[in-house]
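Colleague: For reference, the structure I am asking about is given below.
The values are calculated or read from the model by the stated rules, or taken from the named source; none is laboratory data. Small disclaimer: the values here were computed from a predicted structure and weren't measured. Here the Cβ positions follow ideal geometry from the backbone for every residue, glycine too, while neighbour counts run over all protein chains shown. These accessible areas exclude ligands, DNA and RNA; they are computed on the full protein's heavy atoms, side chains included. Shrake-Rupley method; radii C 1.70, N 1.55, O 1.52, S 1.80 Å.
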Amino acid sequence: MAKLLINTERKLSKISKEIYGHFSEHLGRCIYEGIYVGEDSPIENVNGMRTDVVEALKAIKVPVLRWPGGCFADEYHWEDGIGPKEERKTIINTHWGGVVEDNSFGTHEYFELCRQLGCKTYVNGNLGSGTVREMSEWVEYMTFKGVSPMAKLRAENGHEEPWKVDYFGVGNENWGCGGNMTPEYYANEYRRYQTYVRDYSQHSMDPQEHIKPSILKVCCGPNVDDYEWTRGVLETCFRHSEGSPHGFMDGLSLHYYVHPEGWVKKGSATDFDEKVWYKTLSKALYMDELIRRHGAIMDEFDPNKEIAMIVDEWGTWFTVEPGTNPGFLYQQNTIRDALVAGITLNIFNKHSDRVRMANIAQIVNVLQAMLLTEGDKMIKTPTYHIFDMYKCHQDAQLVESWIDTKTIGLEEEYMVPNLTESVSIGEDGKLHITVTNLSVEEASEIDAVIDCRVSSVTGEIVTGEMHEMNTFEDPGRVQLQKFDAVEMNEKGLRFVAPPCSVLHLTVEMA
Amino acid sequence: MQEGQRYCRKCLLREMDEAEYFKNMYDYIARLPHEDKVSDEEYERRLSICKGCDYLLQGMCRLCGCYVEMRAVMKVRGCPDIPDRWKA
């Protein structure tokens with residue numbers, strides 16, 4: 001019997017809804033085919049966006065969408081993607097698959113997608129191969145309200161009103177594909193570029209308009225355990241920064257992918273044994289250490305946690321599906337991915353005082369996707385169902401919780417706790433408990449002790465044999481199911497978490 | 001735990017040995033259970049339709065991202081275009 005202790009009186013931090021954010025890159029079939037099919041497509045669409053995809057994503061309350069990359073961002077020239085589509089420049093996407101990019105999805109289309117999804121915007125600018133002027137003019141094009149050359153151009157292209165840019169990334173992976181820079185060099189470039197990412201809401205002439213800074217700037221942070229990068233960037237950004245709050249940045253990014261067999265070989269998405277199951281999950285759990293250690297460095301510079309840690313690329317990265325273009329990063333998604341998602345989201349929730357946005361890679365057809373498409377068909381992955389389940393935590397209050405675990409696994413290096421959990425009080429006033437059982441074969445009986453009386457409880461679960469997945473031939477194998485095997489008692493709840501499961505209990509308190 | 005903190009994905013993709021990838025793909029096709037594969041005649045019929053299709057790019061279908069020699073061999077797979085070009 002495992003004890004789960006919940007102290008609802010101890011509210012720890014707000015779980016920003018942006019932790020449940022997503023990422024869409026011009027890569028493989030994420031944007032084209034996956035999201036955007038064009039107005040003339042036989043696939044049902046609204047202004048070129050697939051209706052089936054948009055509706056499915058609205059159901060999981062996508063809070064924010066990062067675009068256009070990734071590595072693509074540092075080669076993207078935004079002016080290629082505006083104006084009449086037939087006149088837009090056609091380029092070769094050298095990063096991903098070497099296919100033709102006709103720029104039919106550009107700035108206007110991105111904001112239209114976010115409008116349809118009802119989500120916040122996170123635009124990633126080009127520092128690696130673009131100019132300061134280019135970045136500055138893009139921000140002007142997107143956000144300036146009034147008379148200016150870029151606002152005029154936007155209006156000529158059919159959008160008189162400015163859009164809202166909620167987050168702006170100043171470069172991407174500048175330690176690698178974004179320019180192979182050193183931390184000090186990047187940080188100086190960051191300081192320069194971000195100066196010209198102007199917040200035009202400050203210049204509004206409308207006295208009714210809310211004029212607090214509206215664009216939150218994201219500085220390129222480390223890859224995985226590159227603590228030298230984190231320290232080097234922060235040192236340079238905080239040097240002689242008097243008068244500019246928190247080192248000129250509102251967020252510092254972190255990228256971390258789980259590839260069970262390493263970067264070069266990665267490993268199959270669907271063909272794995274129990275050893276690889278535990279190895280994968282232990283690598284997912286490593287996110288906790290990364291957040292703690294990078295967070296400790298951030299604490300030295302920013303003890304009040306004003307800079308958000310933004311994990312804007314995370315998830316599983318396997319060898320592509322056999323017979324598919326290796327540059328398209330198309331992979332299947334199993335119960336193992338559901339566990340990786342559940343474990344990682346529990347970790348983010350528990351660190352929500354510092355982690356205030358995360359963007360799983362990627363939203364459709366690429367890496368650990370929510371949805372897979374083929375022509376007019378679409379399937380929801382096990383990961384989709386976890387995001388559906390965990391949406392209860394969006395903007396909820398994390399409360400103190402602790403779970404009694406035992407160590408399980410098959411190899412000393414990759415042992416894992418059998419359970420993880422996080423608990424919040426949602427905007428609906430209810431208590432939301434999410435639990436993952438990492439064991440391949442052992443169910444876990446859990447005795448939840450809660451410091452208030454429970455008046456009712458409902459549950460939902462994603463579970464199955466570790467290889468189970470949804471396919472175009474069998475799209476409903478893994479689904480969100482009702483979980484009602486929960487017993488209420490004087491102290492709280494008792495329930496059994498099946499092996500390979502992620503579950504969510506909604507508790508009404510008396 | 002990790003393998004290299006800074007790397008260039010672009011270079012790694014370029015370094016990918018395409019010949020080995022395709023050899024693996026052909027091996028994979030050869031190992032597929034007989035009952036999962038279409039007949040030789042059907043395979044050739046499907047491939048001939050792909051060869052005449054605008055979505056074919058360097059052996060790959062741009063609609064689904066699959067190399068068509070792999071996709072066409074599998075009974076359960078259809079052509080992703082609308083309508084399905086393989087349907088007789």
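Colleague: Ignoring everything except DSSP H segments at least 4 long, calculate the 222 nm mean residue ellipticity for the protein assembly as shown; use -39,500 (n - 2.57) per segment, divide by total residues, nearest 500. Show your work: numbers first, answer last.
Modeller: Working: 13 runs with 155 residues, N = 598.
Theoretical 222 nm ellipticity from helices: -8000 deg cm²/dmol.
Colleague: By the 4.7 Å beta carbon criterion, which cysteine residues of chain A come out unpaired?
Modeller: A:30, A:114, A:119, A:219, A:220, A:237, A:392, A:452, A:500, each lacking another Cys Cβ under 4.7 Å.
Colleague: What does DSSP give for the protein assembly as shown in terms of the percent of beta bridges that are antiparallel, rounded to the nearest 5? All intermediate terms of the calculation are to be shown ahead of the outcome.
Modeller: Working: 60 of 98 bridges.
Counting only bridges with both partners in the protein assembly as shown, antiparallel ones make up about 60 percent.
Colleague: So for the pair residue A:400, residue A:132, with labels modelled 7 Å out along Cα→Cβ, what separation do we get in nm?
Modeller: The modelled label-to-label distance comes out at 5.0 nm.
Colleague: What angle, in degrees between 0 and 90 and rounded to the nearest 10, separates the Cα long axis of helix A:227-238 from the longest principal axis of the Cα atoms of chain A?
Modeller: Helix A:227-238 sits at roughly 50 degrees to that axis.
Colleague: Just grab the label-to-label distance for residue B:47 and residue A:80, each label 7 Å out from Cα along the Cβ direction, in nm (one decimal).
Modeller: According to this spin-label approximation, the distance is 3.4 nm.
Colleague: Considering amide H positions built from the backbone, and no H for Pro or chain starts, which residues 5 or more places from residue A:479, or on another chain, come under 5 Å of its amide H?
Modeller: Answer set, sorted by chain and number: A:463.
Colleague: Another question about this same structure. With respect to the cross-link table entries A:275/B:37; A:17/A:406; A:430/A:482, which display a Cα-Cα separation exceeding 27 Å? The partial results should precede the final answer.
Modeller: Details: A:275/B:37 31 Å; A:17/A:406 31 Å; A:430/A:482 18 Å.
Over 27 Å apart, Cα to Cα: A:275/B:37; A:17/A:406.
Colleague: Between helix A:335-350 and chain A, what is the angle of the helix's C-alpha long axis to the longest principal axis, kept within 0 to 90° and rounded to the nearest 10?
Modeller: The angle comes out near 80 degrees.
Colleague: Could you work out the local net charge near residue A:369, counting Lys and Arg as +1, Asp and Glu as -1, over the other residues with Cβ closer than 12 Å to its Cβ?
Modeller: On the way: positive: A:29, A:380; negative: A:25, A:321, A:337.
Cβ neighbours under 12 Å give a net charge of -1.
Colleague: Which of rounded, prolate, oblate describes segment A:366-510, given a ≥ b ≥ c as roots of the alpha-carbon gyration tensor eigenvalues and a/c under 1.5 marking rounded, otherwise prolate only if a/b is larger than b/c?
Modeller: Because a/c hits 1.5 or more and a/b fails to exceed b/c, segment A:366-510 counts as oblate.
Colleague: Any aspartates and glutamates with Cα under 12 Å of the residue A:279 Cα? List them, leaving off those in the same chain fewer than 8 positions away.
Modeller: Result set, ordered by chain and number: A:261, A:411, A:412, A:413.
Colleague: Using only the Cα atoms of the protein assembly as shown, what do you get for the radius of gyration and for Dmax, in Å?
Modeller: Over the protein assembly as shown's Cα set, Rg and Dmax evaluate to 24.2, 75 Å.
Colleague: Take A:402, A:175 and sort them by solvent-accessible surface of the protein heavy atoms, 1.4 Å probe, largest at the top. Before the final figure, lay out the partial values.
Modeller: Details: A:402 130, A:175 10 Å².
Sorted descending by solvent-accessible area, the residues read A:402, A:175.
Colleague: Something else: Express the Stokes-Einstein translational diffusion coefficient of segment A:10-125 in µm² s⁻¹, to the nearest whole number, given a Kirkwood radius over alpha-carbon pairs, 37 °C and a viscosity of 0.692 mPa s. Could you put the intermediate results ahead of the total?
Modeller: Values: Rh = 15.0 Å.
Rounded to a whole number, D works out at 219 µm²/s.
Colleague: Could you pull out every one of the aspartates and glutamates with an alpha carbon less than 15 Å from that of residue B:87, ignoring same-chain neighbours closer than 8 positions?
Modeller: Cross-link targets: B:41, B:42, B:44.
Colleague: About the Cα centre of segment A:344-453, how large is the charge dipole given +1 on each Lys and Arg Cβ and -1 on each Asp and Glu Cβ? Please answer in debye to the nearest 20. List each step's numbers first, then the result.
Modeller: Values: 9 positive and 18 negative charges, 100 e Å.
In total the dipole reaches around 480 debye.
Colleague: Right, here's the next one. Within 10 Å of each Cβ in B:53-62, how many Cβ atoms from other chains are there, averaged over the peptide? The partial results should precede the final answer.
Modeller: On the way: counts 0, 0, 0, 0, 5, 4, 1, 7, 2, 7.
Shielding by partners across B:53-62 averages 3.
Colleague: Let me ask something additional. Which of the GluC sites (Glu not before Pro) across segment A:242-305 are loop residues per DSSP, with 14 or fewer other Cβ within 10 Å?
Modeller: On the way: sites: A:242, A:261, A:274, A:289, A:300; in loops: A:242, A:261.
Hits after loop and neighbour filter: A:242.
Colleague: Give me the inter-chain shielding for B:75-85: mean count of other chain Cβ atoms within 10 Å, whole number please. Don't jump to the answer; show the numbers that get you there.
Modeller: Working: counts 0, 4, 4, 4, 2, 7, 3, 6, 3, 1, 0.
Per-residue shielding by partner chains comes out at 3.
Colleague: Give the separation of the Cα centroids, segment A:107-136 to segment A:408-453, in Å.
Modeller: 38 Å
Colleague: Mind counting lysine pairs for me in segment A:50-202? Cα separation below 18 Å, and the two need to be 8 or more apart along the chain or on different chains.
Modeller: On the way: A:58/A:120; A:61/A:120; A:120/A:164; A:145/A:164; A:152/A:164.
Lysine pairs meeting the criterion: 5.
Colleague: Same structure again: What accessible area per residue comes out for chain A, rounded to a whole number of Å², with a 1.4 Å probe?
Modeller: On the way: 18650 Å² over 510 residues.
Result: 37 Å² of accessible area for each residue.
Colleague: If contacts are Cα pairs under 8 angstrom and at least 6 residues apart, what is the relative contact order of segment A:426-510 in percent? Each step should come with its number before you reach the end.
Modeller: Details: 179 pairs, mean separation 43.9, N = 85.
Relative contact order for segment A:426-510 comes out at 52 percent.
Colleague: Report, as an integer, the average count of C-beta atoms from other chains found within 10 Å of each Cβ along A:315-326. It would help to have the intermediate numbers written out before the result.
Modeller: Working: counts 0, 0, 0, 0, 1, 2, 3, 10, 20, 9, 11, 5.
Counting Cβ atoms of other protein chains within 10 Å of each residue's Cβ and averaging gives 5.
Colleague: Placing +1 on the Cβ of each Lys and Arg and -1 on the Cβ of each Asp and Glu in the protein assembly as shown, which of A:367, A:459, A:245 has its Cα farthest towards the positive end of the resulting dipole?
Modeller: Result: A:245, furthest along the dipole toward the positive end.
Colleague: Any chance you could look up the accessible area of residue A:1 with a 1.4 Å probe, heavy atoms only, rounded to 10 Å²?
Modeller: Counting only protein heavy atoms, the figure is 120 Å².
Colleague: Now for a different question. If amide hydrogens are placed 1.01 Å from N in the peptide plane, which non-local residues have theirs closer than 5 Å to the one on residue A:310?
Modeller: So residue A:310 has HN proximity to A:252, A:253, A:254.
Colleague: Turning to a different aspect of this structure: Of A:487, A:321, A:44, which has the most accessible area and how do the rest follow, probe 1.4 Å?
Modeller: Values: A:487 100, A:321 35, A:44 135 Å².
I get A:44, A:487, A:321, largest accessible area first.
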